[in-house]
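First up is the structure itself, then whatever we jot down about it.
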Ligand code: SAH
């Protein structure tokens, strides 16, 4: 009987301990693993000795394999009977292109499953002490991509997001911070709104920079904040210094 199937699994935000038990079990029985750049080596080491490990890349602008090659390869390996595990940073369905891979499996008639992961905004929120919602302060949050800020302004509704969502978690925005913050202020969010950038969230290399919508882009340049990082905008950013008073003293000054 052909046991070929595809498990599209979330690795969590960075700390390898933040993977789910179910996803870990899939790694332990994988024949082939296709993994992304932001996935910890510790997780790959969980695979049996004979597991084939295929790197998919995806540093911004550099792809070891194109998305259509990945879609084709996972299907091809499953079709010949392998248990294919597609290991993705964070959650597969949040800016992870997991939907495209699931569609490729569905269209090829290959059995598949999707196992969620802790998305990086949720990991960053917990480790930086910035609740995404907080009674009396924030009743809603949105995850937003910052990478298409200028090119596809029409797709990202900064005009609506600026004022109708309490906390914004912006992914892939490091290279466009000034434009993103500018759009939010242009559409009515106060320049004094607290903002935080969390780089390498949940890992030993984590750095947190806090400021305001008006100041954070400059601080990020001064401190050379790079990928991967999440921008969190909203009043709950202020809770960090209440939870961790020492963070106020350690606040990075650009
Ligand atoms: N599927 C992933 C997101 C992939 S898009 C998830 O659910 O988290 C890649 C973006 O995720 C990066 O540009 C960055 O904004 C964010 N990201 C991923 N890992 C991160 C980390 N450890 N710390 C901060 N941001 C991270």
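The values are calculated or read from the model by the stated rules, or taken from the named source; none is laboratory data. All of these numbers come straight from a predicted model, not from anything done at the bench. Counting neighbours? That spans all protein chains shown, and the Cβs are built from the backbone with ideal geometry, glycine included.
The set of residues in segment 88-114 that are touching a residue at least 12 places away in the same chain (Cβ under 8 Å) and more than 22 Å from residue 2 (Cα to Cα) comprises 88, 89, 90, 91, 92, 93, 94, 95, 96, 97, 98, 100.
Answer yes or no: is there a residue in segment 182-194 that is within 11 Å of the ligand (Cβ to nearest atom) and assigned by TED's automatic domain parsing to the domain that holds residue 130. No, segment 182-194 contains no residue that is within 11 Å of the ligand (Cβ to nearest atom) and assigned by TED's automatic domain parsing to the domain that holds residue 130. Taken over segment 59-91, the criterion of being buried (at least 20 other Cβ atoms within 10 Å of the Cβ) and within 16 Å of the ligand (Cβ to nearest atom) is satisfied by 70, 85, 86, 87, 88, 89, 90, 91.
Can we say residue 162 is at pLDDT 95 or above, in a loop (DSSP other than H, G, I, E, B), more than 20 Å from the chain's Cα centre (by Cα) and away from the ligand (no atom under 14 Å from the Cβ)? No, not satisfied.
State yes or no: is residue 129 within 16 Å of the ligand (Cβ to nearest atom), surrounded by fewer than 18 Cβ atoms within 10 Å (Cβ to Cβ) and more than 15 Å from the chain's Cα centre (by Cα)? Criteria met by residue 129. Pairs meeting the criteria (first residue in segment 120-136 and over 14 Å from residue 234 (Cβ atoms), second residue assigned to a strand (DSSP E or B), beta carbons under 6 Å, at least 6 apart or on different chains) are 120/90; 120/230. Residues of segment 137-153 that are assigned to a loop (DSSP other than H, G, I, E, B), surrounded by 14 or more Cβ atoms within 10 Å (Cβ to Cβ) and at pLDDT 95 or above: 137 alone. Picking from residues in segment 92-108 that are farther than 21 Å from residue 53 by Cβ and within 12 Å of the ligand (Cβ to nearest atom), the one that is surrounded by the fewest Cβ atoms within 10 Å (Cβ to Cβ) is 99. Of all residues in segment 46-84, none satisfies the criterion of being closer than 18 Å to residue 28 by Cβ and under 19 Å from the mean Cα position of the chain (by Cα).
Have a look at 139, 162 and point out the one that is over 22 Å from residue 41 (Cα atoms) and touching a helix residue (DSSP H, G or I) at 6+ places or on another chain (Cβ under 7 Å). Break it down into steps so the answer makes sense when it comes.
On the way: 139 fails: touching a helix residue (DSSP H, G or I) at 6+ places or on another chain (Cβ under 7 Å).
After ruling out the rest, the residue left standing is 162.
Tallying residues that are surrounded by 14 or more Cβ atoms within 10 Å (Cβ to Cβ), part of a loop (DSSP other than H, G, I, E, B) and modelled with pLDDT under 95 within segment 1-36 yields 0.
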